[in-house]
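Participant: This is the structure I want to talk about, given as C-alpha cells.
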Amino acid sequence: GSAYLYQGEELGLEQVDVAPEHRTDPSWLRTKDTDAPEVGRDGCRVPIPWSGSAPPYGFGPGDAQPWLPQPADWADVTVAAQEADPRSTLAFYRRALAARRTLLGSPSTVEMLDLGADVMAFRRGDLTVALNCGTAPVALPEGEVVTASGPVDGELPGDTAVWLR
C-alpha cells in the first residue's frame, strides 16, 4: 500500500506547543475569541530543522525565527545531526523506504500472525512484519532482519518493529 510521511515524521519531531501569539492556523484565527477556541494544526507544521545548534536551524536565510518558532532544543533532531547517526529516526526511515522499494513485488495476500496480545504481525509473501506495542519482549519470528526500529537479538523488544525475510 501507500506510505505517507507527514512533515517532520521522518525526523521523529513531536507536536510543538505554539504560543497563541504565534499561531496562524485558520481554525485558531476564526475561533480564538470564542468560548471554545480551536488550537489548530500549527504545532505539527513548525518548519523542519535542517542544521545547526539553534533556531532557525538552517531554515531560511539569516538567524530569525520562521513564522512558527522552532523549539530551542531541536539541535539533536536536525537533518544534519540525524544524517551523522546511523541509529537515528531519519536513518531508520531511509532504511525502511529503501527496503520497501526492494520488496514491492511481494504477493498481495496478507496472512495475520498471532505473536501475542501486544503484537501486531503479518506475513506477505516472504516478508514478515511484527510490531511489539507492549513493554515485554517476545520471540522474534524466523527470518533475516531487513530493518528494525531498534536493536533485536533473538527477541523483539517492546515498542519495536521489525521486517524480516
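The values are calculated or read from the model by the stated rules, or taken from the named source; none is laboratory data. As the structure is a prediction and not an experimental result, all values here were calculated from the model. So basically every Cβ, Gly included, is an ideal-geometry build from the backbone, and we count neighbours across all protein chains shown. For accessibility, only protein heavy atoms count, side chains too; no ligands or nucleic acids. Shrake-Rupley method; radii C 1.70, N 1.55, O 1.52, S 1.80 Å.
Participant: In whole Å, what are the Cα extents of the range 38-111 along the three principal axes, biggest one first?
Facilitator: Its Cα atoms span 50, 37, 19 Å along the three principal axes.
Participant: Any idea what the relative contact order of the range 1-86 is, in percent, if you count C-alpha pairs under 8 Å spaced at least 6 apart? Please list the in-between numbers first.
Facilitator: Working: 113 pairs, mean separation 22.7, N = 86.
For the range 1-86, the relative contact order is 26 percent.
Participant: Quick one: angle between helix 89-102 and the longest Cα principal axis of the chain, in degrees between 0 and 90, rounded to 10, please.
Facilitator: So the helix axis and the longest Cα principal axis differ by about 50 degrees.
Participant: Can you tell me the relative contact order of the chain? Whole percent, Cα pairs under 8 Å, sequence separation 6 or more. Walk me through the numbers on the way to the answer.
Facilitator: Working: 270 pairs, mean separation 22.6, N = 165.
It rounds to 14 percent for the chain.
Participant: If I model a spin label at Cys44 and Thr102 as a point 7 Å from the Cα along the Cα→Cβ vector, what separation in nanometres do I get?
Facilitator: 3.2 nm
Participant: Could I ask something else about it? Which order do the peptides 136-143, 34-41 take when ranked by the mean count of other beta-carbon atoms within 10 Å per residue, highest first?
Facilitator: 136-143, 34-41
Participant: Taking only DSSP H segments of four or more residues, each worth -39500 (n - 2.57), what value at 222 nm results for the chain once the sum is divided by all its residues, to the nearest 500 deg cm²/dmol?
Facilitator: -4000 deg cm²/dmol
Participant: For a distance above 27 Å, tell me the whole-number percent of Cα pairs in the chain that qualify. Walk me through the numbers on the way to the answer.
Facilitator: Working: 5895 of 13530 pairs.
Roughly 44 percent, rounded to a whole number.
Participant: I need the phi-derived Karplus couplings for the range 143-160: 6.51 cos²θ - 1.76 cosθ + 1.60, θ = phi - 60°, integer Hz, Gly and Pro marked x.
Facilitator: Karplus values, whole Hz, x for Gly and Pro: x, 8, 5, 8, 7, 8, 7, x, x, 10, 8, x, 10, 9, x, x, 6, 9.
Participant: Express in Å², to the nearest 10, the accessible area of Phe122 obtained by rolling a 1.4 Å probe over the protein heavy atoms while all chains stay in place.
Facilitator: 50 Å²
Participant: Can you compute the FRET efficiency between Thr135 and Val110 using 1/(1 + (r/R0)^6), with r the Cβ-Cβ distance and R0 = 30 Å? Round to the nearest 0.05.
Facilitator: 0.65
Participant: Here is a further query. At a threshold of 8 angstrom on Cα-Cα distance, excluding pairs fewer than six apart, so keeping six or more, what relative contact order does the range 71-152 reach in percent?
Facilitator: 20 percent
Participant: How much area per residue is accessible in the chain when the probe is 1.4 Å and only protein heavy atoms are counted (Å²)?
Facilitator: On the way: 10230 Å² over 165 residues.
Roughly 62 Å² per residue, with all protein chains present.
Participant: Right, another one. Computing the accessible area with a 1.4 Å probe over protein heavy atoms, can you report the carbon and sulfur percentage for the chain?
Facilitator: On the way: 5430 of 10230 Å².
Carbon and sulfur atoms account for 53 percent of the accessible area of the chain.
Participant: Moving on to the next point. Given axes a ≥ b ≥ c from the Cα gyration tensor, I'd like to know whether the range 1-90 is rounded (a/c under 1.5), prolate (a/b larger than b/c) or oblate.
Facilitator: Judged from the Cα gyration tensor, the range 1-90 comes out oblate (a/c at least 1.5, b/c at or above a/b).
Participant: For the range 24-165, what is the percent of antiparallel DSSP beta bridges, rounded to the nearest 5?
Facilitator: 100 percent
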